[in-house]
Amino acid sequence: LEGAKKKFKKNVPLIQVDAHNVVPCWVASDKQEYSARTIRNKINSKLDEYLTEFPPVIKHPYTSKFEPEPIDFDEAIESREADKSVGP
């Protein structure tokens, strides 16, 4: 994420969130909320329970001799069937 973070302006926050670190909606509230204002405090009150540090990355102990064929991205772009007269 550090590489991606360097591409953002300094005043843009970047927060990494793992799926298990999200407060489930059924834990936060027992009813359907109609706005962020009504559920925000309910979620914030549960954050300490759900926001945990990421475990360290463990290098996979196995190696592979498989080498994928290189991809010619220029050829892939040229081979697509798209109207190239349409601008970005």
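The values are calculated or read from the model by the stated rules, or taken from the named source; none is laboratory data. What you see is a predicted model; the values in this text were computed from it and never measured. Ideal geometry is used to build each Cβ from the backbone, glycine not excepted, and the neighbour counts take in all protein chains shown.
Descriptive notes on the structure:
- Candidates in the range 13-65 are the residues that are among the hydrophobic types (A, V, I, L, M, F, W, C) and modelled with pLDDT under 80; of these, the one that is farthest from the chain's Cα centre (by Cα) is VAL57.
- Looking across the range 4-42, the residues that are hydroxyl-bearing (Ser, Thr, Tyr) and without any contact (Cβ under 8 Å) to a residue 12 or more places away in the chain come down to TYR34, SER35, THR38.
- Matching helices (runs of 4 or more DSSP H) fully within the chain where at least 3 residues are surrounded by 10 or more Cβ atoms within 10 Å (Cβ to Cβ): 25-28, 36-44
- Of residues in the range 43-88 being in contact (Cβ under 8 Å) with a residue 24 or more places away in the chain and among the hydroxyl-bearing types (Ser, Thr, Tyr), the one farthest from VAL22 (Cα to Cα): THR52
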